[in-house]
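Below is one structure, written out as structure tokens; comments come after it.
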Amino acid sequence: MKSKKEKKEYTISIKKANFYSMVYILPILLILGGPYLIKWGISGLKENIIKIGNPSINFILFFISIIFGIIIHELIHGFFWALKAEKGWKSIKFGIKWKVLTPYTHCKIPLETKYYSLGVIMPAIVLGIIPAIIAIINGKIFLLAFGILFTIAAGGDFVALIMLSRLDSDYLVQDHPSKMGFMIYNSQSNHKE
């Protein structure tokens, strides 16, 4: 196989990505929290908070759900990338950047832009948006908090999705091995892991 030729690098500093992620907090709160308040009102919100029960036990349960949610978030990235990666799960690497205490999922081979984008956005949909919509319907404040938190936690993924939206669909996209972002290649090139 020919070695892959890098066409372009699309990266962003973690500091800049964190800043952009913070910009998404207010819109996410309005988009997901607003419909909840419209449907349940302030009195319904208070009532649902009171129904939660023992605050210390619920805090522990919420904390545990966050830990599991972080792990599941990374597994969802990996699952959707592995579906289209030539070697499946063998093409996926999980780890933690200890300097910034950030877990990550890395796809070691290039994927078509649409499949890479799908893997980027699915954790926000599965762990954030869907639980928040269910909470809007059933009034469960715990589920709303979880959904909002994991939609906000996908802020870096939204930044990546915006970066990806500027690419032509005929590119292959691969995670950058050491920076936040990715590299793009011509789709005609041959690639290897």
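The values are calculated or read from the model by the stated rules, or taken from the named source; none is laboratory data. This structure is a prediction, so every number in the text was calculated from the model and none was measured. Neighbour counts are summed over all protein chains in view; Cβ atoms, including those assigned to glycine, are modelled from backbone coordinates with ideal geometry.
A compact table of results
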read-out: Condition met for Lys2 (at pLDDT below 80, more than 21 Å from Lys97 (Cα to Cα) and either in contact with a strand residue (DSSP E or B) (Cβ under 6 Å, 6 or more places away or on another chain) or not charged (D, E, K, R) (or both)); value: no
read-out: Candidates Ile72, Ile57, Ile67, Ile76, filtered to the one that is closer than 20 Å to Gly128 by Cβ and exposed (fewer than 11 other Cβ atoms within 10 Å of the Cβ); value: Ile67
read-out: Strands (runs of 3 or more DSSP E) within region 82-193 that include 1 or more residues free of Cβ contacts under 8 Å to residues at least 40 places away in the same chain; value: 92-97, 102-107
read-out: Enumeration of residues in region 120-148 that are surrounded by fewer than 19 Cβ atoms within 10 Å (Cβ to Cβ) and under 24 Å from Lys16 (Cα atoms); value: Met122, Ile125
read-out: Members of region 104-129 that are over 16 Å from Gly88 (Cβ atoms) and small (Gly, Ala, Ser); value: Ser117, Ala124, Gly128
read-out: Subset of region 51-89 (residues that are of a type in the set (D, E, K, R) and at pLDDT 95 or above); value: Glu74
read-out: Identity of the residue in region 22-31, surrounded by 14 or more Cβ atoms within 10 Å (Cβ to Cβ) and under 16 Å from the mean Cα position of the chain (by Cα), that ends up farthest from Leu149 (Cα to Cα); value: Tyr24
read-out: Filtered residue count, region 32-44, keeping only those that are at pLDDT below 90 and either small (Gly, Ala, Ser) or within 27 Å of the chain's Cα centre (by Cα) (or both); value: 3
